[in-house]
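Rule-based calculations on the coordinates, nothing more; no lab input. Because the structure is a prediction, the values reported are computed rather than measured. Please note: Cβ atoms are built from the backbone with ideal geometry, for glycine as well, and neighbour counts cover all protein chains shown.
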Amino acid sequence: MKASTTILRLLLVVLTCLFSFGLAGLLMLGSMSPAPAWPYNSAFGSVLVAFSFTVGLVAWCLLLVMGIAWSFNKRVHKSIPIIGTVIGCLSLVPWLSSLIAMLVLSPAILLAIRLVPFHLRREQQHKSKWLGGAILINNGTAVEMSRTSFESAVKLIRKQLGESERIVEGIFRPYDHEGIAYISLAAAQADAFDAFRTATIKAREAGTRGSPMQDLWNELCTKLAADPRAHAAPT
């Protein structure tokens, strides 16, 4: 994943948590909302708010943990999003009748809706076929490799892309946005394919001869050259 994407995700997570949790803490003082259904209007409501604050702290911590892991394209244990969802929903109970409170909490709720499926998805759609990582060239051709080799190859190819990376952004989407150890050129147009192929050739030339990656580069370049799009775009 690009460093800029990681930084943007971290900023999103931290600012969302600070905004929603900070304002929610102020609202719990009970003096900022004129809403007639405000939880503090009754003794039972006060107990609910105290309960919400207690379990809410745990929910916010779990949200932050999931957010930081997501920023680095890592997945936490599936128990964390499950527990976070349960106690997060419980902590919202006292605030369901307050429009102001729900608006304040909505950024964190939307973030949780994005994070929970990400961490529960265990890469089942590709893990059974590719135990490490893979570069999918078309629907019938792929280059399989270890996770370490995959991440190294992606890093080196991106380094050679330079300004052309915006053209091939869709190729890296499964890895950048889903955290899955594969990238796909199956839907890439001729210009994007050519930019990727050119960067791959440069990455192979920049690599150390005789290194363990050399055979991988050769296989990748050979399969890219055999694709019909390699002859449809200027080299």
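Structure summary
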| quantity | calculated |
| --- | --- |
| Taking His77, His119 and counting other C-beta atoms within 10 Å, the order from fewest to most | His77, His119 |
| Contour excess over end-to-end distance, with Cα ends at Asn139 and Leu103 and 0.36 nm allotted per residue | 8.5 nm |
| Cβ-Cβ FRET estimate between Lys155 and Leu11, R0 fixed at 30 Å, reported to 0.05 | 0.85 |
| Efficiency of FRET between Asp215 and Ser4 - r from beta-carbon atoms, R0 41 angstrom, step 0.05 | 0.80 |
